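Enquirer: Structure in structure tokens, see below.
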């Protein structure tokens with residue numbers, strides 16, 4: 001039985017990955033370490049809460065003692081690090097929090113994995129550390145071209161800078177200590193369980209409740225959209241089959257301007273929910289500081305080397321996503337409830 005330490009596994013992508021892996025593989029055990037900040041929600045894991053292969057631990061990736069104890073208890077084969085502060089606007093307001101979690105937390109995980117896996121220069125057979133990163137570390141593109149694994153890092157926000165720094169530490173541990181590592185860099189994910197501060201769930205929630213739909217600037221910032229289950233499949237493949245030391249870009253070839261996304265959500269909700277949901281709800285607001293104009297990923301390397309490809313076109317994925325949020329209104333209420341967050345933090349604090 002292969003044993004995984006999944007950090008940040010109560011967050012959006014992490015929880016989807018845990019659910020995906022437990023459905024796909026019988027012979028695995030996942031220890032899910034999550035601090036349960038505002039975006040980490042055990043509501044995301046309701047479907048696997050009684051699965052004995054899934055062990056949840058509330059904790060901080062910056063806590064050396066706690067992480068070391070987990071390695072000693074479970075003898076992990078893989079570490080997959082999703083844990084991160086991830087919202088650009090928050091990073092602009094509080095960059096030091098992003099530096100602590102995303103950079104120092106990553107270094108702590110690397111040190112704990114190294115201590116557990118490396119003995120006299122020999123690494124545990126089959127072990128691997130996988131850093132889940134973002135295309136934002138590459139900076140911004142013009143109207144043409146794509147990010148490739150060889151594209152120089154050029155982050156523009158405190159968030160993307162913290163992720164780039166973490167990536168470089170992972171690379172350094174691979175180069176310096178010969179640690180078995182991979183890095184994946186994905187485009188914008190969307191799908192179930194995404195906290196409603198991000199574009200798609202925020203627009204769905206606001207539109208349903210008759211609130212304005214805030215759009216930065218002219219809304220023509222372009223992002224490549226990747227359905228979260230396709231991303232989970234890619235991470236699984238890189239973890240088990242990726243060449244050691246390599247970076248793999250994971251993109252959906254689904255580039256869309258933000259304003260297109262907002263109007264598509266309005267169109268679908270207009271038909272599904274209420275004719276009162278229309279484009280009059282759109283409110284253009286002052287653009288975000290340092291807002292990158294366009295991202296676009298070239299995923300040819302992971303396709304060529306591992307056979308991965310994005311299976312979900314945006315037109316299908318956005319309908320699946322909206323349907324999920326419409327069918328899970330209680331989830332939305334719970335994850336935005338302060339009482340809910342306090343309940344889970346208190347429940348796990350003394351365990």
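No value in this document is a laboratory result; all are computed from the given coordinates. Predicted model only: the values in this text are computed from it and were never measured. With ideal geometry, Cβ positions are generated from the backbone for all residues, glycine too; neighbour counts draw on all protein chains shown.
Enquirer: Which of 253, 291, 231 ends up with the largest GNM mean-square fluctuation for the chain, with Cα atoms connected below 10 Å?
Expert: Of 253, 291, 231, the Gaussian network model singles out 291 as fluctuating most.
Enquirer: Please work out the Cα center distance from the stretch 14-79 to the stretch 154-172, rounded to the nearest Å.
Expert: Centre-to-centre distance over Cα atoms comes out at 24 Å.
Enquirer: Pairs of Cα atoms under 8 Å, at least six residues apart: use those to get the relative contact order of the chain, whole percent.
Expert: Once divided by the residue count of the chain, the mean separation gives 18 percent.
Enquirer: Using a Gaussian network for the chain with springs between C-alpha atoms less than 10 Å apart, which of these wobbles most: 129, 146, 78?
Expert: 146
Enquirer: While we're here: Find the centroid of the Cα atoms in the stretch 101-116 and in the stretch 260-326, then give the distance between the two in whole Å.
Expert: 34 Å
Enquirer: Cut-off is 10 Å between beta-carbons; in what order do 223, 185, 293, 53 appear when sorted fewest neighbours first?
Expert: 293, 53, 223, 185
Enquirer: Could you tell me whether the stretch 178-275 comes out rounded, prolate or oblate from its Cα gyration tensor? Rule is a ≥ b ≥ c as square roots of the eigenvalues, rounded for a/c under 1.5, then prolate if a/b exceeds b/c, otherwise oblate.
Expert: prolate
Enquirer: Grab every C-alpha pair in the stretch 69-198, bin the distances at 10 angstrom width from 0 up to the longest one, and report whole percents.
Expert: Calculated over all Cα pairs of the stretch 69-198, the distribution is 12, 39, 33, 15, 2, 0 percent.
Enquirer: Summing -39500 (n - 2.57) over the DSSP H runs of n ≥ 4 in the chain and dividing by its residue number, what mean residue ellipticity at 222 nm do you reach, to the nearest 500 deg cm²/dmol?
Expert: Result for the chain, helices only: -12500 deg cm²/dmol.
Enquirer: While we're here: I want to verify a result. In a Gaussian network model of the chain, Cα cutoff 10 Å, which of these has the top mean-square fluctuation: 187, 161, 337?
Expert: With Cα springs under 10 Å in the chain, the top fluctuation among 187, 161, 337 is at 337.
Enquirer: I would also like to ask the following. Helix 12-24 sits at what angle to the longest principal axis of the chain, using alpha carbons and giving 0 to 90 degrees rounded to 10?
Expert: Helix 12-24 and the main axis of the chain meet at about 60 degrees.
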